[in-house]
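J.: Please see the structure below; I have some questions.
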Amino acid sequence: ISLSPGFIKAIHIASHFYLDTERNALISSLNLFTCLNNIRSMTRKNLEAIKTLFKIAKIEGNYLEGSWYDVLKSVSHLQRLYLLSLGLQSDAEYFNNQEITSTNNNNNN
């Protein structure tokens, strides 16, 4: 069972007819279905939702308007997961550690 054709067509129609509420609702529900906040319960359908979301962003990019927020939020989550898989710190952890280090260096001087 594929999510792609139905979501892509519905978002295409909503986007090209400037149905903002409908487009935002479809993109938002697709974003929630990616399950990026809880990767332990991720299934094949969730991965398909991620691919569909990015496919829609590529095809309908000029018409997404405010829905870009959900797309970029997913990109950010994927980047965070990628960094964690490499054993690297997230941006927040990295900059927080730098702040603590610079504060300690200033106190020592």
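Each reported figure results from applying straightforward, stated rules to the coordinates on display, with no laboratory input. Quantities reported herein were computed from a predicted structural model and do not represent experimental measurements.
J.: Ratio of the chain's C-alpha Rg to 2.2 N^0.38 Å, to two decimals? Mind dumping the intermediate values first?
T.: Working: Rg = 18.5 Å, N = 109, 2.2 N^0.38 = 13.1 Å.
For the chain, the normalised Cα radius of gyration is 1.41.
J.: Can you give me the relative contact order of the chain as a percent, contacts being Cα pairs under 8 Å and 6 or more apart? Write down the numbers at each step before the final one.
T.: Working: 70 pairs, mean separation 27.2, N = 109.
About 25 percent, as a whole number.
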